[in-house]
Structures are given as structure tokens and as C-alpha cells.
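Report on the structure given below.
Just so it is clear, none of the values below were taken in a lab; they were calculated from the coordinates. Note that the structure is predicted; figures quoted are calculated from it, not measured. Cβ atoms come from the backbone with ideal geometry, glycine included; neighbour counts cover every protein chain shown.
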Amino acid sequence: SQSTTVTVEEPPSPPPRDHLVWSLFTTVYGNFCCLGLLAFFFSAKSRDRKLLRDYSGALSYGSTAKCLNITALVINIVIVIIVVIVLA
């Protein structure tokens, strides 16, 4: 009698995103109340965690960076709209 062993491996999931480029642009172009700088800091921490293969830490830092980037983007859009309305 022969026995067959089948090993099933999970496909590797992509590592979490660190949003470093987005944070860099937010820091340079829309650094309202240092939100861009904070986003860049959390993106760098996320990249460090990803290199250490701590994907849960990288995901946490990356999602914080994403939220900070979105908040800075929304605030900058509102400021641009207010400036356009005031100048018009």
C-alpha cells in the first residue's frame, strides 16, 4: 500500500502598501498642519516593518499613512475651493 502526501501552500499575498510616494507628494505640496510629514513618517515606518517581514505592523503603519494622506488631501482641496471662491 502506497501513501501519497499532498502539500498545499497558500499563494503568497502581496505585502501591504506603504504609500511612501503619496506621502512624499503630500509632504512637498500639501503639508497642512504637518499632516504630510506625519504621513511620510508612518510610510517610512511601514516600509521598515515590511522589510522586517512584520506585515501586521506594516499594515497598521500603512493604513495610518493612508488616512493622514486622505485627510491632508481633503483639507487642501477645501482650501483651494475657498481661495477660488474668495478671489472670484
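Below, the figures for the structure above:
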item	result
The chain: Rg to Rh, with Rh as the Kirkwood radius over Cα pairs	1.36
Contour minus Cα-Cα distance for Ser56 and Ile85 (0.36 nm per residue)	6.1 nm
Thr5-Phe25 FRET efficiency (beta carbon distance; Förster radius 35 Å; 0.05 resolution)	0.10
Full-extension gain in nm, Phe32 to Ile75, via 0.36 nm per residue minus C-alpha separation	14.7 nm
